[in-house]
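The values are calculated or read from the model by the stated rules, or taken from the named source; none is laboratory data. Every value quoted in this text rests on a predicted model; they were computed, and no experiment measured them. All Cβ positions, glycine included, derive from the backbone under ideal geometry; neighbour counts span all protein chains shown.
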Amino acid sequence: MSWIMHHSRSEEYASQAEAALRNGDRERAVELYRMAAEEEALALSALDPKKTRTLSVTAVSAASLWFKAGEFRQVERIACQWLATDDLLDFAISQLQTILQTAWNEQLFRQSGIEFVKGEVLVSVGGGEIVTGAAPLELVHRKINEVRSIFHRTIEMLLNRPFRKRGLPNADVQEQFRTWLLQAAPGSYQFAVRVQKPAQMSLFPDITPEIEEVTQKFLEIVGAASRETHEELENVVPDPEYRRGFLRITRNLAPTGKTFNRLEIRSATDLEARPIVFLPESRQDINKTLREERKATEESTRLKEEQITGILRALHLDKDWIEVHPDDGEKSIRILQTGDVIDDIVGPMVNQRVIVDVAVRPDGAHLYRDIQSEE
Amino acid sequence: MTIPLLPLNDMANRHVGLTRALAESYLEAARVSLARHHEPPQEFILRNGSTEQAALVVWEPPDNRCRGAWANKDDATRDGAYACAIAATELSLGLSTVRRAETLTGADYYVAPINQIPEDLEDCFRLEVSGTNLNEYEVQRRLRIKVKQAHEGKSNLPALAVVVGFRVKLVAMQAIEESL
């Protein structure tokens with residue numbers, strides 16, 4: 001039989017599998033995907049190797065179908081077989097490598113009994129001091145914390161929890177939605193993050209369907225926060241407190257251009273999804289939005305505004321102050337009225353370089369307006 | 001002059017790459033996404049480069065059950081965009097969906113001139129579809145990004161990028177080929 005006959009059968013089974021999934025019949029869907037994969041593998045073997053595009057598309061399709069059927073050994077077999085040839089086009093090589101890496105990860109998780117919610121986020125940093133596959137530890141550590149913080153905030157928002165200003169997320173969020181760091185395919189410097197599915201789903205009966213969408217929601221929020229205008233963010237995050245919080249955390253993700261000059265976030269599983277890109281300009285855009293919002297809500301705009309750059313030396317948020325040692329001064333400056341500061345944003349900034357916006361009262365007291373990490 | 005109808009109905013009869021169940025599912029998603037912003041009928045613009053064509057979009061308003069089934073806005077926008085994009089390329093470019101091939105997270109569709117069933121995928125255009133409920137700027141921005149990414153990355157070309165703007169009643173499309 002020819003490629004077209006096998007491929008047509010494969011298409012038919014795959015379409016039926018998709019319909020079965022929509023109807024919630026996962027078992028039938030897996031069976032149909034397996035049948036589709038078998039037909040696609042036959043289509044591949046019936047193909048003239050000179051038809052490189054058809055061959056490339058079919059190889060990706062066959063590996064994807066085995067993956068959807070949960071047959072990871074078959075994914076390995078077919079991907080490695082075709083990656084070893086010189087017959088594939090570049091797009092297919094890249095897609096097969098991703099499918100293979102994803103299958104390996106899934107295989108390991110299945111063996112260990114760990115289940116994740118849908119999707120995986122890939123974060124990569126580039127430019128400046130970053131080289132292929134290596135980056136300063138403190139920078140990577142900070143970015144991992146910021147990404148985890150956005151995930152926790154996303155989950156809290158989905159759980160309809162009030163916006164948290166002090167302390168860490170509640171124990172149930174930390175314990176039930178553990179974030180995992182995964183090895184990613186080599187790139188500029190990149191890491192992958194996934195969220196573990198709660199072991200006790202019954203603890204969250206009101207948002208069971210939304211739990212699966214945590215990663216997608218994370219990508220929507222970060223994507224909307226990265227845009228020049230924030231119309232979309234208002235739709236994705238209707239609560240103004242959460243919206244301001246997300247803007248502040250995502251601003252810290254963006255580079256200033258000193259250590260690195262580009263941060264990209266994308267779905268590791270949706271190959272067609274466009275990446276969310278943060279450049280130094282992104283930070284300025286978010287700053288502008290936050291400044292405008294602040295001006296609209298503050299009465300004290302008549303006070304002189306200043307910016308202090310230096311090291312965050314101390315903080316006591318319950319007593320409403322932080323202390324910054326400025327680059328150009330001998331003594332640290334105590335900044336008051338830090339009511340707006342959010343613990344999990346400012347906590348990791350201690351002993352790091354920061355930029356603090358302040359208003360200066362006529363008696364010389366510095367009043368807090370905003371804080372961001374310098375890199 | 002009569003405005004042609006965007007051929008959203010009975011797509012499985014004309015597009016061999018779509019099964020009946022899938023075509024109906026995409027149509028349902030389109031009805032929900034259209035009804036989010038408009039009452040039927042509505043005039044949409046199909047834009048291909050500097051060429052524009054008007055098309056009348058007629059749909060049956062979704063009932064509560066249908067809305068409930070498509071409560072996930074992202075799924076409805078994505079699948080509804082497939083229905084509108086496939087119908088727009090049929091009307092505007094004379095292309096029909098001939099094949100489907102799986103990817104890790106979904107499937108790609110391949111289009112070819114109507115009445116031609118190619119024996120392979122060598123010359124077919126891969127359909128790259130996106131849907132949005134935002135403004136015209138967002139529709140054009142997505143199209144530009146898709147074209148840029150296709151040229152920068154390791155893309156499966158030739159492709160046809162189609163962005164459906166449900167709120168602004170615009171379907172923007174552009175062919176992306178290796179030689180560009």
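For the reader, a short list of remarks on this structure follows.
- All helices (runs of 4 or more DSSP H) inside the stretch B:1-83 with 2 or more residues being within 14 Å of chain A (Cβ to nearest Cβ) and surrounded by fewer than 17 Cβ atoms within 10 Å (Cβ to Cβ): B:20-35, B:64-69
- Residues (free of Cβ contacts under 8 Å to residues at least 40 places away in the same chain and within 11 Å of chain B (Cβ to nearest Cβ)) located in the stretch A:22-47: A:R22, A:N23, A:Y33, A:A36, A:A37, A:E40
- Candidates are the residues of the stretch B:103-125 that are more than 13 Å from chain A (Cβ to nearest Cβ) and touching a Ser or Thr at 6+ places or on another chain (Cβ under 6 Å); the one that is surrounded by the fewest Cβ atoms within 10 Å (Cβ to Cβ) is B:I114.
- The number of residues in the stretch B:90-139 that are outside any loop (DSSP other than H, G, I, E, B), over 23 Å from A:Y33 (Cβ atoms) and hydrophobic (A, V, I, L, M, F, W, C) comes to 7.
- Counting the residues of the stretch A:346-375 that are in contact with a Ser or Thr (Cβ under 8 Å, 6 or more places away or on another chain) and either among the basic types (K, R) or free of Cβ contacts under 8 Å to residues at least 12 places away in the same chain (or both) gives 1.
- A:E12 modelled with pLDDT under 95 and either more than 26 Å from the chain's Cα centre (by Cα) or part of a loop (DSSP other than H, G, I, E, B) (or both): yes
- Matching residues, the stretch A:89-119, being in a loop (DSSP other than H, G, I, E, B) and either away from chain B (no Cβ under 13 Å) or at pLDDT 85 or above (or both): A:L89, A:G113, A:I114, A:E115, A:V117
- Any hit, the stretch A:194-214, residues being polar (S, T, N, Q), crowded, with 17+ Cβ neighbours inside 10 Å and modelled with pLDDT of 80 or more: no
- Flag for A:E18 being crowded, with 17+ Cβ neighbours inside 10 Å, in contact with a His (Cβ under 7 Å, 6 or more places away or on another chain) and within 29 Å of B:D123 (Cβ to Cβ): no
- Residue match in the stretch B:94-102 (condition: out of contact with any Asp or Glu (no Cβ under 7 Å at 6 or more places or on another chain), farther than 29 Å from A:E40 by Cβ, modelled with pLDDT of 90 or more and surrounded by 17 or more Cβ atoms within 10 Å (Cβ to Cβ)): no
- Neighbours by Cβ (under 7 Å, 6+ apart or cross-chain): first from the stretch A:165-178, without any contact (Cβ under 8 Å) to a residue 24 or more places away in the chain; second part of a loop (DSSP other than H, G, I, E, B): A:Q174/A:L168
- Within the stretch A:149-171, the set of residues being of a type outside the set (S, T, N, Q) and exposed (fewer than 14 other Cβ atoms within 10 Å of the Cβ) comprises A:P162, A:R166, A:G167, A:L168, A:A171.
- Taken over the stretch A:329-345, the criterion of being touching a residue at least 12 places away in the same chain (Cβ under 8 Å), part of a loop (DSSP other than H, G, I, E, B) and out of contact with any helix residue (DSSP H, G or I) (no Cβ under 8 Å at 6 or more places or on another chain) is satisfied by A:G329, A:S332, A:Q337, A:G339, A:D340.
- Of all residues in the stretch A:52-86 being of a type in the set (S, T, N, Q), away from chain B (no Cβ under 13 Å) and in a helix (DSSP H, G or I), the one that is surrounded by the most Cβ atoms within 10 Å (Cβ to Cβ): A:Q74
- The stretch B:130-180: number of residues that are touching a residue at least 24 places away in the same chain (Cβ under 8 Å) and more than 9 Å from chain A (Cβ to nearest Cβ): 29
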